[in-house]
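Asks: There's a structure below that I have some questions on.
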Amino acid sequence: MAQASLRFGKTDAGTVSVENYTFDQDIARQELSAMIVLHEYPLSMVDHVGFRRFVGALQPLFRIGTRNTIRSDIMAQYELERKKAIEYMAGIQSRVAITTDLWTSDNQKRGYMAIIAHFIDESWTLRNIIMRFIYVPAPHTAAVIGDELYESLVDWNIDEKISSITLDNCTTNDAEASKHGV
């Protein structure tokens, strides 16, 4: 939904400017989602009375939605960005070095793994992309870790572009590396 109105502003010289402004509900929702991700705000902030009152004072036409709506917006944007990153990686000519880090959260006793791709782009700049940040089910055996890593490499279509894989110093990783002749 777009709604045209006037916007007042101040120029660098201190004079007041008036210009046409069109409110767009979809753009406002995208910006709200981007702000929540950028600043790591909780999704529940959209339920806070103070936040709702503030937004209403700024733009009465904006419908905030629920935390589930915002979560869906964030996940849709993530999928779009992920798809662009995978397409970009498919087109690079250089080899890719992979680093992983696996750790267990203290309070939940759940294992997580980050997988990062490192490569030189077409302008000879070192680039890094976080490919995945995933839950790794227990037990954290070499087979489980290896399967999660291999699935990620295939998912990103870079399994044939790997130059090296660097694992953290977990003893399970020693078994995984030995299994692959590293």
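The values are calculated or read from the model by the stated rules, or taken from the named source; none is laboratory data. All of these numbers come straight from a predicted model, not from anything done at the bench. Here the Cβ is made from the backbone with ideal geometry for all residues, glycine too, and neighbour counts use every protein chain on show.
Asks: Checking the structure you have, find out if any residue of region 16-39 is among the acidic types (Asp, Glu), touching a helix residue (DSSP H, G or I) at 6+ places or on another chain (Cβ under 7 Å) and farther than 25 Å from residue 81 by Cα.
Replies: Within region 16-39 (the criterion being among the acidic types (Asp, Glu), touching a helix residue (DSSP H, G or I) at 6+ places or on another chain (Cβ under 7 Å) and farther than 25 Å from residue 81 by Cα), the answer is no, since none of the residues qualifies.
Asks: Looking at region 69-87 only, could you name the residues that are over 9 Å from the mean Cα position of the chain (by Cα), under 30 Å from residue 122 (Cβ atoms) and free of Cβ contacts under 8 Å to residues at least 40 places away in the same chain?
Replies: Within region 69-87, 76, 80, 83, 84, 87 qualify.
Asks: So which of 79, 19 ends up being within 30 Å of residue 118 (Cβ to Cβ) and surrounded by fewer than 12 Cβ atoms within 10 Å (Cβ to Cβ)?
Replies: Step by step, each of 79, 19 is checked, and only 79 is within 30 Å of residue 118 (Cβ to Cβ) and surrounded by fewer than 12 Cβ atoms within 10 Å (Cβ to Cβ).
Asks: Can I ask one more? What do you reckon, is residue 96 under 21 Å from the mean Cα position of the chain (by Cα) and in contact (Cβ under 8 Å) with a residue 40 or more places away in the chain?
Replies: yes
Asks: Could you tell me which residue of region 22-68 is surrounded by the fewest Cβ atoms within 10 Å (Cβ to Cβ), considering only residues that are in contact (Cβ under 8 Å) with a residue 24 or more places away in the chain and more than 23 Å from residue 79 (Cα to Cα)?
Replies: Top of the filtered list is 63.
Asks: Let me ask another. Scan region 119-148 for residues that are assigned to a strand (DSSP E or B) and more than 18 Å from residue 81 (Cα to Cα) and report the count.
Replies: Residues in region 119-148 being assigned to a strand (DSSP E or B) and more than 18 Å from residue 81 (Cα to Cα): 5 in total.
For (1) over 22 Å from the mean Cα position of the chain (by Cα); (2) of a type in the set (Val, Ile, Thr); (3) more than 14 Å from residue 99 (Cβ to Cβ); (4) modelled with pLDDT of 85 or more, each residue gets a yes or a no:
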| position | (1), (2), (3), (4) |
| --- | --- |
| 139 | yes, no, yes, no |
| 148 | no, no, yes, yes |
| 153 | no, no, no, yes |
| 169 | yes, no, no, no |
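Asks: Okay, moving on. What residue, among those in region 89-111 that are modelled with pLDDT under 90 and closer than 17 Å to residue 166 by Cα, is surrounded by the fewest Cβ atoms within 10 Å (Cβ to Cβ)?
Replies: Of everything passing the filter in region 89-111, 103 is surrounded by the fewest Cβ atoms within 10 Å (Cβ to Cβ).
Results for (1) modelled with pLDDT of 95 or more; (2) part of a helix (DSSP H, G or I); (3) assigned by TED's automatic domain parsing to the domain that holds residue 116, shown as yes or no for each residue.
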position: 36; (1), (2), (3): yes, yes, no
position: 64; (1), (2), (3): no, no, no
position: 81; (1), (2), (3): no, yes, no
position: 87; (1), (2), (3): no, yes, no
